[in-house]
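**Student:** Got a structure here, written out as structure tokens. Questions coming.
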Amino acid sequence: MPGKWGLHQFYAKDQQIKTLLPPTVLFNRTTFERFLAQYGSVYIKPNMEHKGKGIIKAWKKGSVYSFVVVKGGIRRYGNAGALYNAIRSHTGEKQHVLQKTIPLARIGGRPFDIRVMMIRDASDQWRYCGMLAKVAPDGSVVTNMSRGGRVRAMDDVLKQAFNWNEEERKRFKDQLVLSSQQICRRFDRYKYSYQIGIDFAADRSGRLWLIEVNFDYPSHALFSRLKDRTYFKLIKQTVSEYRLTRSKRRIKKAND
């Protein structure tokens with residue numbers, strides 16, 4: 001099955017990557033009421049959409065059941081059934097996935113997630129090319145730049161969010177790179193891509209979670225927004241070297 005649900009199932013078969021995955025199921029009345037009772041807060045995401053489009057957050061607080069779409073007004077209801085009906089009237093019959101809300105770490109009261117950029121080099125091996133934090137705009141349930149988010153350097157964010165020293169920050173970033181390598185190698189069994197942008201989350205305890213694997217057109221421009229453009233230059237260089245090598249191989253194969 002394509003989309004978020006298909007990729008979730010695919011990655012859940014890998015025992016190492018499985019530990020990074022939030023509890024996720026297909027969205028229907030039964031799963032919604034069960035997840036809301038169990039976790040108190042959930043995300044509903046369109047299976048085939050990207051860039052934060054159409055994401056809904058729903059939660060229960062006391063006897064009040066609420067939801068909000070991306071960045072908008074909160075709508076409140078008296079029970080889970082009424083809440084589900086309201087959400088379903090918004091989503092229509094399109095397939096959505098349901099996911100436990102990860103209590104994201106925050107800076108300045110705003111949640112952030114993490115983008116890691118992986119690109120194949122000239123030898124067709126996955127190469128780590130950079131990471132950054134995406135900070136949600138005020139009042140939004142998503143961090144996407146197209147929805148008003150902003151980027152920050154990882155070290156700055158980790159210091160501010162967790163007060164980690166240099167060794168602790170390095171350990172966390174090493175884990176990000178190692179997990180990204182594992183995710184890319186696993187992805188090779190799904191389909192071929194030469195660039196992947198992986199979205200991770202860190203919860204308030206510092207635990208790492210895998211949120212999304214972007215393999216069609218992961219943004220390079222995100223990294224151009226950092227004050228230090230080292231990552232952006234490395235991304236462009238690696239892509240250029242990869243494409244040049246691929247072109248030479250095609251010419252050679254045509255002439256053989």
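The values are calculated or read from the model by the stated rules, or taken from the named source; none is laboratory data. Quantities reported herein were computed from a predicted structural model and do not represent experimental measurements. As a convention, Cβ positions derive from the backbone with ideal geometry for all residues, glycine included, and neighbour counts pool all protein chains shown. Surface areas here come from the heavy atoms of the whole protein model, side chains and all, with no ligands, DNA or RNA. Shrake-Rupley method; radii C 1.70, N 1.55, O 1.52, S 1.80 Å.
**Student:** For the subset of the range 124-141 comprising residues that are part of a strand (DSSP E or B) and of a type in the set (A, V, I, L, M), which member is modelled with the lowest pLDDT?
**Tutor:** Selected residue: VAL135.
**Student:** Could you count how many residues in the range 3-40 are open to solvent by less than 60 Å² (accessible area, probe 1.4 Å), in a helix (DSSP H, G or I) and either touching an Asp or Glu at 6+ places or on another chain (Cβ under 6 Å) or of a type in the set (D, E, K, R) (or both)?
**Tutor:** 1
**Student:** If you don't mind, another one. Under 9 Å between Cβ atoms, which residue pairs at least 6 apart in sequence (or on different chains) link something in the range 173-190 that is loosely packed, with under 13 Cβ neighbours inside 10 Å with a partner that is assigned to a helix (DSSP H, G or I)?
**Tutor:** From the range 173-190, the pairs are ARG189/PHE10.
**Student:** If you don't mind, there's one more thing I want to ask. Looking at VAL68, VAL116, which one is in contact (Cβ under 8 Å) with a residue 60 or more places away in the chain, under 15 Å from the mean Cα position of the chain (by Cα) and open to solvent by less than 50 Å² (accessible area, probe 1.4 Å)?
**Tutor:** VAL116
**Student:** Scan the range 148-156 and tell me whether some residue there is open to solvent by less than 50 Å² (accessible area, probe 1.4 Å) and within 23 Å of LEU7 (Cβ to Cβ).
**Tutor:** yes
**Student:** What about ILE17, is it within 30 Å of ASP188 (Cβ to Cβ) and of a type in the set (A, V, I, L, M)? I'd like the intermediate steps shown before the answer.
**Tutor:** Details: within 30 Å of ASP188 (Cβ to Cβ): yes; of a type in the set (A, V, I, L, M): yes.
In short, yes.
**Student:** I'm checking my understanding of the structure. Among residues of the range 191-211 that are touching a residue at least 12 places away in the same chain (Cβ under 8 Å) and surrounded by fewer than 17 Cβ atoms within 10 Å (Cβ to Cβ), which one is nearest to GLU168 (Cα to Cα)?
**Tutor:** Step one: list which residues in the range 191-211 are touching a residue at least 12 places away in the same chain (Cβ under 8 Å), which gives 191, 193-204, 206, 208-211.
Narrowing further to those that are surrounded by fewer than 17 Cβ atoms within 10 Å (Cβ to Cβ): 191, 194, 203-204, 206, 208.
On the way: LYS191: 35, TYR194: 31, ASP203: 15, ARG204: 15, GLY206: 10, LEU208: 14 Å.
The extreme case among them is GLY206.
**Student:** Hey, could you check the range 94-113 for residues that are charged (D, E, K, R) and over 22 Å from PRO2 (Cβ atoms) and say which is most open to solvent (accessible area, probe 1.4 Å)? Reasoning before the result, please.
**Tutor:** In the first step, residues of the range 94-113 are kept if they are charged (D, E, K, R); the result is 94, 100, 106, 110, 113.
With the extra rule that they be over 22 Å from PRO2 (Cβ atoms), the set shrinks to 100, 106, 110, 113.
Details: LYS100: 59, ARG106: 103, ARG110: 75, ASP113: 18 Å².
Going through the qualifying residues, I end up with ARG106.
**Student:** For the list (1) touching a helix residue (DSSP H, G or I) at 6+ places or on another chain (Cβ under 7 Å); (2) surrounded by 15 or more Cβ atoms within 10 Å (Cβ to Cβ); (3) farther than 29 Å from TYR65 by Cβ, I need the number of the one condition that ILE44 fails.
**Tutor:** (3)
**Student:** Pairs needed: first member in the range 1-23, closer than 23 Å to PRO103 by Cα and among the charged types (D, E, K, R); second member anywhere, open to solvent by less than 80 Å² (accessible area, probe 1.4 Å) and assigned to a helix (DSSP H, G or I); C-beta distance under 6 Å; at least 6 residues apart or different chains.
**Tutor:** LYS18/ALA12
**Student:** Scan the range 76-86 and tell me whether some residue there is in a strand (DSSP E or B), in contact with a Lys or Arg (Cβ under 8 Å, 6 or more places away or on another chain) and of a type in the set (Lys, Arg).
**Tutor:** Within the range 76-86 (the criterion being in a strand (DSSP E or B), in contact with a Lys or Arg (Cβ under 8 Å, 6 or more places away or on another chain) and of a type in the set (Lys, Arg)), the answer is no, since none of the residues qualifies.
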